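*Asks:* Below: one structure in structure tokens.
Bear in mind that the values in this text are calculations on the coordinates, not laboratory data. In this text, all values refer to a predicted model and were calculated from it rather than measured experimentally. Using ideal geometry, Cβ is built from the backbone for each residue, glycine included, and neighbour counts are taken over all protein chains shown.
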Amino acid sequence: MPEINKIIRFKNDTSVSVLEEVAQKIKEAGGTITGKTTITGKVLMYKIDSDTITTFVTDHSEHIEEVEDDKTVTIQK
């Protein structure tokens, strides 16, 4: 199955325990955490099968600022 890569940006006032809870739900759904930071913002990066239906984003929507595709960005001259 093809995988999708996503980035979840959390609101600044979100506790680290919420990030850990969402990360656990991603793993339980068969996903893999590919990155995490709390230094410049609270962000989780993950990959999961494209046909997996998940609710971890909607379950924590009050803490989430943005969800976006994680992909390569290039700059042309």
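*Asks:* Taking the Cα atoms of the chain, what is the range of coordinates along each of the three principal axes, in descending order and whole Å?
*Replies:* 41, 31, 17
*Asks:* Also, I was wondering about something else. If I model a spin label at V67 and E20 as a point 7 Å from the Cα along the Cα→Cβ vector, what separation in nanometres do I get?
*Replies:* With each label point 7 Å from Cα toward Cβ, the separation is 2.3 nm.
*Asks:* Scan around K11 for amide H atoms under 5 Å from its own, H built in the peptide plane at 1.01 Å from N, and keep only partners 5 or more places away or cross-chain.
*Replies:* I64, E65
*Asks:* Could you derive backbone 3J(HN,Hα) for segment 34-41 from the dihedral phi with the Karplus parameters 6.51, -1.76 and 1.60 (θ = phi - 60°), listing whole Hz in sequence and x where the residue is Gly or Pro?
*Replies:* For segment 34-41, the Karplus-derived couplings read 9, x, 7, 8, 10, 7, 9, x Hz, x marking Gly and Pro.
*Asks:* Student exercise: in the chain, how many lysine pairs 8 or more apart or on different chains have Cα atoms under 13 Å apart?
*Replies:* So the count works out to 8.
*Asks:* I need the phi-derived Karplus couplings for segment 51-66: 6.51 cos²θ - 1.76 cosθ + 1.60, θ = phi - 60°, integer Hz, Gly and Pro marked x.
*Replies:* So the Karplus estimates, Gly and Pro as x, are 9, 7, 8, 10, 10, 5, 6, 5, 5, 10, 4, 5, 9, 9, 8, 6 Hz.
*Asks:* Which trypsin sites (Lys or Arg not before Pro) does segment 1-61 hold that lie in a coil by DSSP with at most 14 other beta carbons within 10 Å?
*Replies:* Answer by residue number: K11.
*Asks:* Grab the beta carbon distance between D13 and K77, set R0 = 25 Å, and tell me the FRET efficiency rounded to 0.05.
*Replies:* So the FRET efficiency works out to roughly 0.05.
*Asks:* Okay, next question. With Cβ to Cβ distances under 11 Å as the rule, what net charge do the other residues near E65 carry (K, R +1; D, E -1)? Numbers along the way, then the final one.
*Replies:* Values: positive: R9, K11, K42; negative: D13, E62, E66, E68.
So the surrounding residues net to -1.
*Asks:* Quick one: length gained pulling M1 to K27 fully straight, 0.36 nm per residue minus the C-alpha distance?
*Replies:* So the extension gain works out to 7.7 nm.
*Asks:* Helix-only estimate, please: 222 nm mean residue ellipticity of the chain, summing -39500 (n - 2.57) across DSSP H runs of length 4 or more and dividing by its residues, to the nearest 500.
*Replies:* That calculation yields -6000 deg cm²/dmol at 222 nm.
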